[in-house]
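Participant: Below is a structure I'd like to ask you about.
The values are calculated or read from the model by the stated rules, or taken from the named source; none is laboratory data. Just so we're clear, the structure is a prediction, and the values are computed from it rather than from any experiment. Positions of Cβ are backbone-derived with ideal geometry, glycine not excepted, and every protein chain shown enters the neighbour counts.
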Amino acid sequence: MLGQTVLHDFSNMGFLQSRRHFSGFEKNSGVRHTSIASREVVHIQMAEGDLLTIRGASVGVPVDVVAFAADGSVGLGHVNLRATGNLEMGSFDSRALAGWVAAQGGSPEADIPCARYEGQEEELILKARAPVSLWVARPVDPFSLISAIGNGSVSVSHKLAQFTPSALPGLLGDTRDEFTVAAGTGQAYEIKKGEYIQIIDLEGQQCSDFMAFSASGLDRGRELMIDSTATRTMVGSAYPVPGMLDKFYDQEMRPLLNMVQDTCGRHDAFGLACTARGYEERGFPGHLNCSDNMSYALDPYGVQKRSAWPAINFFWNTWVDHNSNRLMTAESRSRPGDYVVMRAMEDLVCVSTACPDDIDPINGWNPTDVHVRIYRPDTPIRRAVAYREKEDAPMSISQESAFHERLAPLTEHFAPARDLWTPVNFPGTGTLGEYWACRNAVTVQDMSGLRKYDIIGPDAETLLQQALTRNIAKLAVWRGTYTLMCDESGEVIDDGTLFRLGDHLFRWFCGSEESGRTLNALAKELDLQVRIHEMRNSLPNLAIQGPHSRDLLKKICFFQPHVPNLDHLKWFGVSVARLNDRYGAPFMLSRSGYTGELGYEIFCAKSDAVQVWDAIMEAGEEFGIKPMGSAALEIIRIEAGLAAANAEFAPGVDAFEAGLGFAVDLKKEAFTGKEALERNAKDPRRLLKGLLFDCDDVPPHGSPVYAGERQVGHITSATRSPSLERAIAMARISVEHAENDKILEVGLLDGRMKRLNATVTDIPFIDPQRKRARA
């Protein structure tokens, strides 16, 4: 017997989960949280006594549950559930489940009994009486793209029956060895080429010093080890992160390890491991220290003892104060279970410590244990970093987008975009080649990292009227608009595109999850009858941009007569279509983009993503289609004068100062932030303007803008424009110095030693009337 329901006997439901990122622990509680978007599935391994709570399922927003006993047999009865039917594998992204079933020796083609739960109560709580493997899926009609069914918010909470703050994260693969480095100690160990090292901060805020030596070098009597100076020089940053520049180098510039996963994102490669002298000079003679611990641990390998060891200080939070130029430190940013994973590029001897410092904030004044795992070379550990929607939100691991199997053969240069990897550029074409393809032909770009929300219900328009700066009442069905979400001070929370898909059905594409939190809070405050459905990554999307984008789409789009067709789609129009004919894969099509060029965006189901990509690439071949990455897009969006978060709009900057006043309708009766924006519009202090340089020097973000000796603004975004053949920038400038043709200077080298002359101009720099996008 595997479990039972608690509170109620839902004998007509079922349960399902996949090895999608299951969020991290809520600190010191033993509770893991995650949410399941439509078409997603999560995998939960429950031990005896564990509790699982499902919230948000309802009629129209069901979940399917599948349970497997330890021997692989159907385990629904062990959680007091009965099958309501067989699982429809096509109703969700079932690849992870199918792979798991195959790995257990089963057939993914066989019928899998499931139980469906549709929210007869506010929540379902299950308790396991023995180990059980559960899969929770969000099924939807595979032929429905804009229906509310299946798009609601469903959350799952997994409470461990036996939990200590040092609970380990799940295994990443087949381990060869693992051990705990006790607080205040160090341990040396050997790693073979191709093996992976996982260093885990068990309880959070614990520094772990690390060093690695070439084993062949030690055999020759040479201590070839990680050199922080060589590493920083080679990778161009303080420490490696998963991606192109991900390696730790020795003093001869040979790579010893490459970083594969990093869930903390904040370490140190500047200083030494703590030393006896460092404690002695502060009044603590005889204090344990990492340098001595490293020397003792490495002694059996013939490594010469040192009173001070250089080290990579994992999880140590340091920075350089730009005013005093001093190295600063504070409590670590690592949470319980945070880790780094590195892959050995040759045979190594390594040492790890659990720092004993209890007189500084380094370890939160509370030294704890560190755990080390060693995985075999054939373990498929993918590149990943941690993503948290907010500072206190559960962690998720970056995922590959639904188009990854087509992108991976074309480039290895990916960077995280929220919780997805996105291509930076494609070496076969290059950033400039991608740029010109967008200007002169057509490009396709994976934009799946966008956040997506459906807002549904009789009060949907009322909510959006209050939340957004445009007049939503004027928005017709099958039309969209670019708009802003502001706070009471008129500062921009988020920007995005809103489409109306029905009288009471809207879809909001935006940059961050803060939009969803704001909408939910406002709906609750106003007591509105509306649902906000977060779709996360269940609706992957591609941007098809460039003068031949319409020609390409004419070859692959089929429209039903009751929706707008391609000729009907004006700027910010939206429709639904299918690939080639009425039986093809469905997708949502909008005439929108982030380039200022004629362009469209396609949103499809995960299961259809590769098919959609292939159709676009095949149809675009005659027009010279090229895939485009984020580097080329950054150039194009600056030329087009399009705002970006944490650049043009940021905390402390209202919508007008961000250059987004065109998206604010002050004639509306009311919306959040209107009073502040009305006041600021009458007496603006700063304006967003363009700067044209007489050179190719590109100033970095934040560079000061001067009129003589006085700073009058700063750079928000800058690039070299291939079309204008000069550097350009957007800058926030005081109104007294913002008139066109005024000559200002941008300061480099502390703003004083080097100055770049710049002419103030309007933005956008190219096609100011947006004629290309409206073509």
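Participant: Just to verify a result, which residue in the range 472-520, among those that are among the polar types (S, T, N, Q) and farther than 17 Å from Ala460 by Cα, is modelled with the lowest pLDDT?
Facilitator: Kept after step one, since they are among the polar types (S, T, N, Q), are these residues of the range 472-520: 481, 483, 489, 497, 512, 515, 518, 520.
With farther than 17 Å from Ala460 by Cα added as a condition, the list becomes 489, 512.
Numbers: Ser489: 95, Ser512: 91.
The selected residue is Ser512.
Participant: Test Ala585 against the stated conditions and say whether it is among the small types (Gly, Ala, Ser) and without any contact (Cβ under 8 Å) to a residue 40 or more places away in the chain. Break it down stepwise before answering.
Facilitator: Working: among the small types (Gly, Ala, Ser): yes; without any contact (Cβ under 8 Å) to a residue 40 or more places away in the chain: yes.
When the stated conditions are applied, Ala585 passes them.
Participant: Does the range 498-532 hold any residues that are of a type in the set (S, T, N, Q) and buried (at least 21 other Cβ atoms within 10 Å of the Cβ), and which are they? It would help to see each step written out before you state the result.
Facilitator: Pass one, the range 498-532, residues of a type in the set (S, T, N, Q): 512, 515, 518, 520, 529.
Correct list: Ser515 only.
Participant: Is it the case that Asp71 is modelled with pLDDT of 85 or more, outside the structural domain of Asp338 (by TED's automatic domain parsing) and not polar (S, T, N, Q)? Working first, answer last.
Facilitator: Details: modelled with pLDDT of 85 or more: yes; outside the structural domain of Asp338 (by TED's automatic domain parsing): yes; not polar (S, T, N, Q): yes.
In short, yes.
Participant: Which residues, taken from the range 351-376, are under 15 Å from Ser332 (Cβ atoms) and among the small types (Gly, Ala, Ser)?
Facilitator: Across the range 351-376, the qualifying residues are Ala354, Gly364.
Participant: If the requirement is being in contact with a Ser or Thr (Cβ under 6 Å, 6 or more places away or on another chain) and at pLDDT 95 or above, which of these qualifies: Asp459, Asp369, Asp446, Asp419?
Facilitator: Values: Asp459 fails: in contact with a Ser or Thr (Cβ under 6 Å, 6 or more places away or on another chain); Asp369 fails: at pLDDT 95 or above; Asp419 fails: at pLDDT 95 or above.
Sole residue among the options that is in contact with a Ser or Thr (Cβ under 6 Å, 6 or more places away or on another chain) and at pLDDT 95 or above: Asp446.
Participant: Looking only at strands (runs of 3 or more DSSP E) that lie completely in the range 699-745, which have at least 2 residues being under 30 Å from Cys438 (Cα atoms)? Before the answer, list the steps.
Facilitator: Values: elements: 704-707, 710-721, 726-734.
By residue number, 710-721, 726-734.
Participant: Next question, about the same structure. Under the condition of being assigned to a loop (DSSP other than H, G, I, E, B) and in contact with a Ser or Thr (Cβ under 8 Å, 6 or more places away or on another chain), which residue from the range 312-321 is nearest to Met259 (Cα to Cα)? Lay out the reasoning, then the answer.
Facilitator: Pass one, the range 312-321, residues assigned to a loop (DSSP other than H, G, I, E, B): 315-316, 321.
Checking which are in contact with a Ser or Thr (Cβ under 8 Å, 6 or more places away or on another chain) leaves us with 315-316.
Working: Phe315: 14, Trp316: 17 Å.
Step by step, filter the range 312-321, then rank; the result is Phe315.
Participant: Of the numbered conditions (1) buried (at least 17 other Cβ atoms within 10 Å of the Cβ); (2) out of contact with any helix residue (DSSP H, G or I) (no Cβ under 8 Å at 6 or more places or on another chain); (3) not assigned by TED's automatic domain parsing to the domain that holds Ile602, Val477 fails exactly one; give the number of that condition.
Facilitator: The failed condition is (1).
Participant: Evaluate the range 768-775: report whether one residue or more is among the polar types (S, T, N, Q), closer than 24 Å to Tyr594 by Cα and part of a strand (DSSP E or B). Even if it seems obvious, please write down each step before you answer.
Facilitator: Initially, the range 768-775 is screened for residues among the polar types (S, T, N, Q), giving 769.
Among the residues that remain, those that are also closer than 24 Å to Tyr594 by Cα are: 769.
Filter again for part of a strand (DSSP E or B), leaving none.
No: the range 768-775 contains no residue that is among the polar types (S, T, N, Q), closer than 24 Å to Tyr594 by Cα and part of a strand (DSSP E or B).
Participant: Cβ-Cβ below 9 Å, separation at least six or inter-chain, first residue in the range 734-753 and in contact (Cβ under 8 Å) with a residue 40 or more places away in the chain, second outside any strand (DSSP E or B) and crowded, with 18+ Cβ neighbours inside 10 Å: which pairs?
Facilitator: Close Cβ pairs satisfying both conditions: Leu744/His737; Val746/Pro699; Val746/Ser703; Gly747/Pro699; Gly747/Ser703; Leu748/Pro699; Leu748/Ser703; Gly751/Ser703.
Participant: Okay, next question. Kindly list, by first and then second residue, each pair from a residue in the range 168-192 that is assigned by TED's automatic domain parsing to the domain that holds Pro336 and over 18 Å from Thr379 (Cβ atoms) to a residue that is loosely packed, with under 14 Cβ neighbours inside 10 Å and not hydroxyl-bearing (Ser, Thr, Tyr), limited to pairs with Cβ atoms under 8 Å and residues at least 6 apart or on different chains.
Facilitator: Once the first residue is assigned by TED's automatic domain parsing to the domain that holds Pro336 and over 18 Å from Thr379 (Cβ atoms) and sits in the range 168-192, its partners that are loosely packed, with under 14 Cβ neighbours inside 10 Å and not hydroxyl-bearing (Ser, Thr, Tyr) give Gln187/Phe179; Ala188/Pro300.
Participant: Another question, if that's okay. Quick check on my filter: what residues within the range 476-533 are among the acidic types (Asp, Glu), closer than 14 Å to Arg451 by Cα and either out of contact with any Asp or Glu (no Cβ under 9 Å at 6 or more places or on another chain) or assigned to a helix (DSSP H, G or I) (or both)? Write out each step before concluding.
Facilitator: Residues of the range 476-533 among the acidic types (Asp, Glu): 487-488, 491, 494-495, 503, 513-514, 525, 527.
Keeping just the survivors that are closer than 14 Å to Arg451 by Cα gives 494-495, 513-514.
Asp495, Glu514 - these are the residues of the range 476-533 that are among the acidic types (Asp, Glu), closer than 14 Å to Arg451 by Cα and either out of contact with any Asp or Glu (no Cβ under 9 Å at 6 or more places or on another chain) or assigned to a helix (DSSP H, G or I) (or both).
Participant: Something else now. Mind listing whichever residues of the range 762-775 are surrounded by fewer than 16 Cβ atoms within 10 Å (Cβ to Cβ) and more than 20 Å from Tyr600 (Cα to Cα)?
Facilitator: Asp762, the sole residue that qualifies.
Participant: Does Ala161 count as outside any strand (DSSP E or B), over 28 Å from the mean Cα position of the chain (by Cα) and either of a type outside the set (Ser, Thr, Tyr) or surrounded by 23 or more Cβ atoms within 10 Å (Cβ to Cβ) (or both)? Can you show your working first?
Facilitator: Numbers: outside any strand (DSSP E or B): yes; over 28 Å from the mean Cα position of the chain (by Cα): yes; either of a type outside the set (Ser, Thr, Tyr) or surrounded by 23 or more Cβ atoms within 10 Å (Cβ to Cβ) (or both): yes.
Yes.
Participant: Could you please let me know if Asp503 is within 25 Å of Lys474 (Cβ to Cβ), more than 24 Å from the chain's Cα centre (by Cα) and free of Cβ contacts under 8 Å to residues at least 12 places away in the same chain?
Facilitator: Numbers: within 25 Å of Lys474 (Cβ to Cβ): yes; more than 24 Å from the chain's Cα centre (by Cα): yes; free of Cβ contacts under 8 Å to residues at least 12 places away in the same chain: no.
No; evaluated as a whole, the condition is false for this residue.
Participant: Which of (1) surrounded by fewer than 23 Cβ atoms within 10 Å (Cβ to Cβ); (2) more than 19 Å from Ala183 (Cβ to Cβ); (3) touching a residue at least 24 places away in the same chain (Cβ under 8 Å) is the odd one out, the single condition Tyr296 does not satisfy?
Facilitator: Going through the list (1) surrounded by fewer than 23 Cβ atoms within 10 Å (Cβ to Cβ); (2) more than 19 Å from Ala183 (Cβ to Cβ); (3) touching a residue at least 24 places away in the same chain (Cβ under 8 Å), Tyr296 breaks only (2).
Participant: Answer with yes or no whether Ser324 is outside any helix (DSSP H, G or I) and touching a Lys or Arg at 6+ places or on another chain (Cβ under 8 Å). So that I can check it myself, show each step before the final result.
Facilitator: Numbers: outside any helix (DSSP H, G or I): yes; touching a Lys or Arg at 6+ places or on another chain (Cβ under 8 Å): no.
In short, no.
Participant: I'd like the residue in the range 237-275 that is of a type in the set (D, E, K, R) and assigned to a loop (DSSP other than H, G, I, E, B) and, out of all such residues, is nearest to Glu203 (Cα to Cα). Walk me through it before giving the result.
Facilitator: From the range 237-275, those of a type in the set (D, E, K, R) are 246-247, 250, 252, 254, 262, 266, 268; that's our starting set.
After this cut, where a residue has to be assigned to a loop (DSSP other than H, G, I, E, B) as well, the list is 246, 252, 254, 266.
Numbers: Asp246: 26, Glu252: 36, Arg254: 34, Arg266: 16 Å.
The selected residue is Arg266.
Participant: Sticking with this structure for a sec: Select from the range 217-242 the residues that are crowded, with 20+ Cβ neighbours inside 10 Å, within 28 Å of the chain's Cα centre (by Cα) and not polar (S, T, N, Q) and list them in ascending order.
Facilitator: Val235, Tyr239, Pro240, Val241, Pro242, listed by residue number.
Participant: Only residues in the range 668-681 that are closer than 17 Å to Glu461 by Cβ count as the first member; pair them with residues that are assigned to a helix (DSSP H, G or I), Cβ under 6 angstrom, at least 6 apart or cross-chain, and list the lot.
Facilitator: Phe671/Gln466
Participant: Search the range 657-667 for residues being touching a residue at least 40 places away in the same chain (Cβ under 8 Å) and not basic (Lys, Arg), and hand back the single one that is surrounded by the fewest Cβ atoms within 10 Å (Cβ to Cβ).
Facilitator: Going through the qualifying residues, I end up with Asp665.
Participant: Does any residue in the range 413-427 that is on the phi > 0 side of the Ramachandran plot come within less than 7 Å, Cβ to Cβ, of a residue that is assigned to a loop (DSSP other than H, G, I, E, B) six or more places away or on a different chain, and which pairs are these?
Facilitator: What qualifies is Arg418/Gly449.
Participant: I'd like the full set of residues that are out of contact with any strand residue (DSSP E or B) (no Cβ under 6 Å at 6 or more places or on another chain), free of Cβ contacts under 8 Å to residues at least 12 places away in the same chain and acidic (Asp, Glu), limited to the range 299-337.
Facilitator: Within the range 299-337, Asp299 is the sole residue that qualifies.
Participant: Look through the range 335-352, keep the residues that are assigned to a loop (DSSP other than H, G, I, E, B) and not aliphatic (A, V, I, L, M), and return whichever of them is farthest from the chain's Cα centre (by Cα).
Facilitator: Filtering the range 335-352 for residues that are assigned to a loop (DSSP other than H, G, I, E, B) and not aliphatic (A, V, I, L, M), the one farthest from the chain's Cα centre (by Cα) comes out as Asp347.
Participant: Looking at the range 197-217, which of its residues are in contact (Cβ under 8 Å) with a residue 60 or more places away in the chain, part of a helix (DSSP H, G or I) and either basic (Lys, Arg) or touching a Leu at 6+ places or on another chain (Cβ under 8 Å) (or both)?
Facilitator: Scanning the range 197-217 gives a single hit, Ala215.
Participant: State the number of residues belonging to the range 396-443 that are closer than 11 Å to Gly629 by Cβ and either in a loop (DSSP other than H, G, I, E, B) or polar (S, T, N, Q) (or both).
Facilitator: Here the count works out to 11.
Participant: Could you check, for the range 104-114, whether at least one of its residues is touching a residue at least 60 places away in the same chain (Cβ under 8 Å) and either surrounded by fewer than 14 Cβ atoms within 10 Å (Cβ to Cβ) or hydrophobic (A, V, I, L, M, F, W, C) (or both)? Even if it seems obvious, please write down each step before you answer.
Facilitator: Within the range 104-114, the subset touching a residue at least 60 places away in the same chain (Cβ under 8 Å) is 113-114.
Adding the requirement that they be either surrounded by fewer than 14 Cβ atoms within 10 Å (Cβ to Cβ) or hydrophobic (A, V, I, L, M, F, W, C) (or both) leaves 114.
Yes: the range 104-114 contains one or more residues that are touching a residue at least 60 places away in the same chain (Cβ under 8 Å) and either surrounded by fewer than 14 Cβ atoms within 10 Å (Cβ to Cβ) or hydrophobic (A, V, I, L, M, F, W, C) (or both).
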